[in-house]
Every structure is written in C-alpha cells, then in structure tokens.
Amino acid sequence: MSVQIIQSKCGLVLTCLLGQIILFAAPVQAGVQGKSYNVNVNSSRGDSFTACFQFNTNGILRFSGQNATYNVSADQTSWQAVTNPPSPVATISLNGVVEQADSVISGTGMNSNNTNFTFNGTLLSQSTCPAELPISPGNLQFGVNRENPFLQ
C-alpha cells in the first residue's frame, strides 16, 4: 500500500477544508414521515382513481379508509407498507420511492386478490389528508367496503 503526501500547503488546506465541509454538512434527506400526498392510482383491473396517502409520524399510513404500517429506508428514499391488521376483505402491500426532495412519490402495490397497482403522487401543502367523505356510490374513500378499489 502506498501513501501519497500532498506536496503543497494550498492542496493540504483545501483537502482539510473539503473534509470539514463534508463531515459537518447536515445530510439532506427526503422522506414521507408527517406528509400527505394526492395520489393517482391505476390498477391491473383497468381502474384509475385518486387517493390521499397520509404518512403519520408514528409509522401508520392512512389511505382510502385503510391503515398500513410503513417503514422507510435508511436513506429516506424509499418506503414499504402493508395493511395492518390485515383487512377482512384483502391485504394490501405498497412499495414506493420519494423523489424531488420529497415532493413526489411513485410506486407499486398488490392486494391479496392479485390486483396490481401503480401510483404517483404529489405532496399536499397540509400534513393530513382532507376529511374522508361518507360512503356513497361515487366516493372512493370506502374503508373496508368491497367497493374500495384497493380491495378489488
């Protein structure tokens, strides 16, 4: 193993300065915790719909009346979630990535009925989703109702 010694004082100062900047710079991390996203979803059944993903700071993801436990990668750039406890109708698993300094998410999902989902969404200005609407034929916020498109 060879060691190269920096010959100039200027090079040594710049190397030390750069090392200090890297050492003390706060890491810039994106993450979903405490944020909500308006999400466009497409399913393998041909359905397209919107949902709101609310990532609470306690590790719970709320979407379309469902609660899921989520985990975020160490570098805060990806996340995984699964409904918990499993829904009486279908279990849902989601995998996503965070992009553009946490303002955009995208990903895929699957439920226990073998329906696949792709989704992409944008950050909402508030940390919580708007209140869910009451169950009605035109409303996709159905919870465990069988008409919830995440459970089809």
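Lys and Arg at +1, Asp and Glu at -1: add these up for the other residues within a Cβ distance under 11 Å of LEU123 and post the number.
Working: positive: LYS35; negative: GLU99, ASP102.
The answer is -1.
Of the listed peptides 73-83, 33-43, what is their order by residue-averaged count of other C-beta atoms within 10 Å, with the highest listed first? Walk me through the numbers on the way to the answer.
Numbers: 73-83: 16.5, 33-43: 18.0.
In descending order of packing, they fall as 33-43, 73-83.
Each value in this text was obtained by applying a stated rule to the coordinates, not by laboratory testing. What you see is a predicted model, and the numbers here were worked out from it, not measured in a lab. Quick reminder, even Gly has a Cβ in these numbers, built from the backbone with ideal geometry, and neighbours come from all protein chains shown.
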